[in-house]
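Presented below is the structure to which this report refers.
The values are calculated or read from the model by the stated rules, or taken from the named source; none is laboratory data. Computed from a prediction, not measured in an experiment: that's the story for all the values here. Every residue, glycine as well, gets a Cβ built from its backbone with ideal geometry; the counts of neighbours run over all protein chains shown. We work out accessible area using only protein heavy atoms, side chains counted, and drop any ligands, DNA or RNA first. Shrake-Rupley method; radii C 1.70, N 1.55, O 1.52, S 1.80 Å.
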Amino acid sequence: MSPRKFFVGGNWKMNGDKKSLEELIKTLNSAKVNSETEVVCGAPTIYLDFARQKLDPKFAVAAQNCYKVAKGAFTGEISPAMIKDVGVTWVILGHSERRHVFGESDELIGQKVAHALSENIGVIACIGEKLDQREAGITEKVVFEQTKAIADNVKDWRKVVLAYEPVWAIGTGKTATPQQAQEVHIKLREWIKTNISAEVASTVRIIYGGSVTGGTAKDLASQPDIDGFLVGGASLKPEFIEIINAKC
């Protein structure tokens, strides 16, 4: 029995409005979900307060991003203090879309991780390689570098979930096979053991993201080093319930 509690995050990205999100929330609230699984819903910034008020307390809420300082002249940004103020307890940082669409560097992501953790917000920290990097055989080099930039900013790993998301599998319909995903997860765990500690390696949750569906979740969840999922498109659909219950 793994000491690591199964963790499923839904990343709603820039989708939804009050009407559609309220319907989704009703579906989630009335569903029978595995009480052994920790579930976190990543709502768009403008709907964080709405999601926290409407969702059953058994579901946590995550912001999809935050900045590296508490307040100031940073138009358009939100801080961990603000996230906390509306009852939200998690933030997703380093998502490939933040890295590759918005140009966030490893250094900036590390600074954000450090500040969010200092404010006692849980961090879902994302790492992952692009297709050309996988084809060039540098997957490990890329994900280890990204992990190091995060790890250098973490004092207490209990508030961190590491999300491995191969960029070539996000929103493309392509999923890493359970074996491909497990292979990277075990190598990440070995890197953590060598560079941080054996205790952190055995307790930190490493979750998988990349076109996870109700159909692929069970096989992925059966891998020994896959501790859950970060789900994009499917988290906006009723099949999210199947994904949450993949470990049943």
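Odds and ends about this structure:
- Some residue of segment 113-126 being surrounded by 16 or more Cβ atoms within 10 Å (Cβ to Cβ) and within 13 Å of Val167 (Cβ to Cβ): yes
- Selection status of Ile92, modelled with pLDDT of 95 or more, of a type in the set (A, V, I, L, M), buried (at least 19 other Cβ atoms within 10 Å of the Cβ) and within 13 Å of Lys112 (Cα to Cα): yes
- Counting residues in segment 27-36 that are at pLDDT 95 or above, touching a strand residue (DSSP E or B) at 6+ places or on another chain (Cβ under 6 Å) and within 27 Å of Gly94 (Cβ to Cβ) gives zero.
- Long-range neighbours under 7 Å by Cβ, at least six apart or interchain, first residue open to solvent by 100 Å² or more (accessible area, probe 1.4 Å) within segment 15-34, second modelled with pLDDT of 95 or more and of a type in the set (A, V, I, L, M, F, W, C): Lys18/Phe50
- Every residue from segment 189-234 that is β-branched (Val, Ile, Thr) and either surrounded by fewer than 24 Cβ atoms within 10 Å (Cβ to Cβ) or in a loop (DSSP other than H, G, I, E, B) (or both): Ile192, Thr194, Ile196, Val200, Thr203, Val204, Val212, Thr213, Thr216, Ile226
- Index of the failed condition, Val39 passing every other in (1) modelled with pLDDT of 95 or more; (2) open to solvent by 50 Å² or more (accessible area, probe 1.4 Å): (2)
- Of all residues assigned to segment 148-171, none qualifies as being acidic (Asp, Glu), open to solvent by 50 Å² or more (accessible area, probe 1.4 Å), in a helix (DSSP H, G or I) and over 23 Å from Cys41 (Cα atoms).
- So Arg4, is it of a type in the set (Lys, Arg), open to solvent by 10 Å² or more (accessible area, probe 1.4 Å), closer than 22 Å to Ser118 by Cα and at pLDDT 95 or above: no
- Residue list for segment 127-144, filter: open to solvent by 60 Å² or more (accessible area, probe 1.4 Å) and either within 15 Å of the chain's Cα centre (by Cα) or on the phi > 0 side of the Ramachandran plot (or both): Gly137
- Selection count, segment 178-188, where residues are open to solvent by less than 60 Å² (accessible area, probe 1.4 Å) and of a type in the set (Val, Ile, Thr): 1
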